[in-house]
1. When residues of the range 162-196 are filtered for being in contact with a strand residue (DSSP E or B) (Cβ under 9 Å, 6 or more places away or on another chain) and assigned to a helix (DSSP H, G or I), how many remain?
2. Please work out which residue is surrounded by the fewest Cβ atoms within 10 Å (Cβ to Cβ), limiting yourself to the range 202-257 and to residues that are among the small types (G, A, S) and under 27 Å from G68 (Cα atoms).
3. Just give me the residues in the range 26-55 being closer than 10 Å to A91 by Cα and out of contact with any Phe, Trp or Tyr (no Cβ under 8 Å at 6 or more places or on another chain), in sequence order.
4. Based on what the data block shows, is Y199 assigned to a loop (DSSP other than H, G, I, E, B), among the aromatic types (F, W, Y) and either under 18 Å from the mean Cα position of the chain (by Cα) or buried (at least 16 other Cβ atoms within 10 Å of the Cβ) (or both)?
5. Which condition number does L144 fail, the rest of (1) of a type outside the set (S, T, N, Q); (2) closer than 25 Å to F188 by Cβ; (3) crowded, with 18+ Cβ neighbours inside 10 Å being met?
6. Go through K208, K246 for me and flag whichever is within 20 Å of the chain's Cα centre (by Cα) and at pLDDT below 95.
7. Count, please, the residues in the range 41-88 that happen to be assigned to a strand (DSSP E or B) and in contact with a Ser or Thr (Cβ under 7 Å, 6 or more places away or on another chain).
8. Every residue in the range 86-100 that is surrounded by fewer than 23 Cβ atoms within 10 Å (Cβ to Cβ), free of Cβ contacts under 8 Å to residues at least 60 places away in the same chain and not hydrophobic (A, V, I, L, M, F, W, C), please.
Amino acid sequence: MFIRALSILLALSVLPGSAFAVGSNGEDHVAGGLHKRLLSRKGAIHLWWPKDYEKEDAGVVVYLHGYGTTVDREWTSNKLATQFKRSGKNALFVVPESPASDKEDFTWFSLEALFKLLKTRSVQIPGGKIVIAGHSGAFKTMALWLKDKRISTLIMLDAMYGLQSKFQSFLTNSQTTRMLLVSYSTLFTAQSFAENFKYAQSRRFIPKYARLFTKAERRARLLNIRSQYDHFTIISSRRVIPVMLKLTRLAAVSHHS
């Protein structure tokens, strides 16, 4: 009985599709880039650097998962490294653990707390633009982080569920901040939010390629897109995140220039 129970425990301790056991740090190469998994008291953090990464003009992309999952499951099942690679952006990609339900407290109360932890692990944070992308319930953490003036762009992946006044202030308190909204379940709240801004651009359907956006859409400070993908397929299709990241003003990696 003991051996059987132990074997089940060991089987559960290995992540599907991952070389790392739960509770461990690790480093490997995924999607042509360098991947590290760091363990902290607040949970796992996945880091990914693209091939030909250049720190001098690199930015940072932080992706926050939604409810009903974990960072390890999200990283593996949705092949986030591959999605990041397809964006062609020269950035350090950071995927920390996030709340799995609205009953859980915030995992990271500030972006600075996350960066401070990474620095203690000898991770160099580049000085370029910072993009925060979040799915679903991640909107609460995103709203909490908005006091950080280093954030240049928010990508809300069916995440406009509330706290609209905070997100409105993010745009009105600066002339350069941007928001890119992808809406399906949040269609009506996203449309209502966009109506507050005369410069908002709206469209139906997420194109396969970023070049198929109009010039006005590519330059928009607020872009609201009605998604053809449902709430979860926005992430699992592996088509949305790369295209939305291409709309940011992050520099491209050299071979995408």
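The values are calculated or read from the model by the stated rules, or taken from the named source; none is laboratory data. All values derive from a computational prediction rather than experimental measurement. Neighbour counts are summed over all protein chains in view; Cβ atoms, including those assigned to glycine, are modelled from backbone coordinates with ideal geometry.
1. The total comes to 9.
2. Of everything passing the filter in the range 202-257, S236 is surrounded by the fewest Cβ atoms within 10 Å (Cβ to Cβ).
3. Y53, E54, K55
4. Here the answer is no, as Y199 does not meet what is asked.
5. (3)
6. K208
7. Count: 2.
8. Listed by number, the residues that qualify are E97, P99.
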